[in-house]
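Down below is the structure, laid out as structure tokens.
The values are calculated or read from the model by the stated rules, or taken from the named source; none is laboratory data. All of these numbers come straight from a predicted model, not from anything done at the bench. Quick reminder, even Gly has a Cβ in these numbers, built from the backbone with ideal geometry, and neighbours come from all protein chains shown. Calculation scope for accessible area: heavy atoms of the full protein, side chains included, ligands and nucleic acids excluded. Shrake-Rupley method; radii C 1.70, N 1.55, O 1.52, S 1.80 Å.
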Amino acid sequence: MTAPLAFEFLIVERFGGVMKITLNRPDVLNSFNMSMARELRRVLDDARRDDSVRAVLLTGAGRAFCAGQDLSVVTPAIDGQLDLGETVRAAYNPIIRAIRDIEKPVVCAVNGVAAGAGANLAIACDIVVASDTASFIQSFSKIGLVPDTGGTFFLPRTVGLPMATAMMMLGEKITAQRAHDMGMIYRVCAADALAEESMQLAVALAEMPTRGIGLTKKALNSSLSNDLDQQLDTEEDLQRQAGHTADFVEGVTAFREKRKPVFRGQ
Ligand code: T3D
């Protein structure tokens, strides 16, 4: 592990090719203020630019993953002065775009409650692992708001429209196990094993052919809006690119030589 980088509301650590980002406002269940949102956006940009980062692991400090927007810094008023659309534009949308655009795997380790923007931040990540004590709440409806942070895009696509509608209108707490059973997350593990299991997953991903994984993510992103013909064209194009990577050469060479491949992410 290398020395943590300095952020006010995040803990950012390097473990080989893994950049681990911990949301760090535990007293308010890691809810977002503008500074934490800016820091998260910045560190995701750093991860994208740094070729030595080959996987990102996102989690929360303390007993929660993230309780969404910090409601103590919002002053509701019906005089038209408050522009929550601006918060969404400036804080949440850039984070979701950064997570989807980074051509590297982003693992989310949901260590406790994930509510509002926190729930939708989690499901925008590539692979979600949750503690068996974690839960997901689309809490927006409870305070008269609309789900944001990409939730209305990803949730219907993971659990289907009927379930997403119920979750978003009712704002009920969904256990990690139920989220897993609905196909919303990849895996549930014992609370005391989450840190290790999610890190093992991130390390395994960081040792894989990063370019190929990144292009796979691009294909999956495209599939969310393409029709079949467009998607077949996309696969053709991306496979062409994957076929020119050094890791593809290494993968096939190692297979033929009956040895373990050593991928360099190139
Ligand atoms: O700008 C905009 O507003 C637009 C964008 C909106 C995006 C959104 O995310 S809207 C949704 C905002 N989030 C919520 O509505 C969730 C609010 N929190 C809760 O419903 C509950 O705290 C939880 C279900 C997440 C957890 O419940 P519980 O019983 O485990 O914990 P608690 O006792 O409620 O909270 C512990 C502390 O964290 C408490 O502070 P205290 O009393 O110990 O001093 C609580 O006030 C604080 N906290 C929890 N969530 C937030 C929060 N403080 C500020 N903002 C929060 N979101």
What net charge is computed for the residues neighbouring V18, neighbours being all others with C-beta under 15 Å from the C-beta of V18, Lys and Arg scored +1, Asp and Glu -1?
-> -3
If you take the beta carbon distance between T253 and D192 as r and set R0 to 41 Å, what does 1/(1 + (r/R0)^6) give as a FRET efficiency, to the nearest 0.05?
-> 0.50
Net length gained if the chain between R178 and Q200 were fully extended (0.36 nm per residue, minus Cα distance) | 5.6 nm
Say R0 is 30 Å: what FRET efficiency, to the nearest 0.05, do E8 and M169 get from their beta-carbon distance?
-> 0.25
SASA check, T75, accessible area w/ 1.4 Å probe, all protein chains in place, rounded to nearest 10 Å², comes out at 100
In Å, what Rg and Dmax follow from the Cα atoms of the chain?
-> 19.0, 71
Charge dipole (debye, nearest 20) of the chain; +1 at Cβ of Lys and Arg, -1 at Cβ of Asp and Glu = 440
At R0 = 22 Å, FRET efficiency that the Cβ-Cβ distance of N93 and L145 yields, to 0.05 = 0.90
Percent antiparallel among DSSP beta bridges confined to the chain, nearest 5, equals 35
Solvent-accessible area per residue, Å², over the chain with all protein chains present [probe radius 1.4 Å] | 51
How are the Cα pair distances of region 52-171 distributed, in percent, across 10 Å bins from 0?
-> 13, 43, 34, 9, 1
Per 10 Å bin, what percent of the C-alpha pairs of region 1-106 does each bin hold, from zero upward?
-> 15, 44, 30, 9, 2, 0
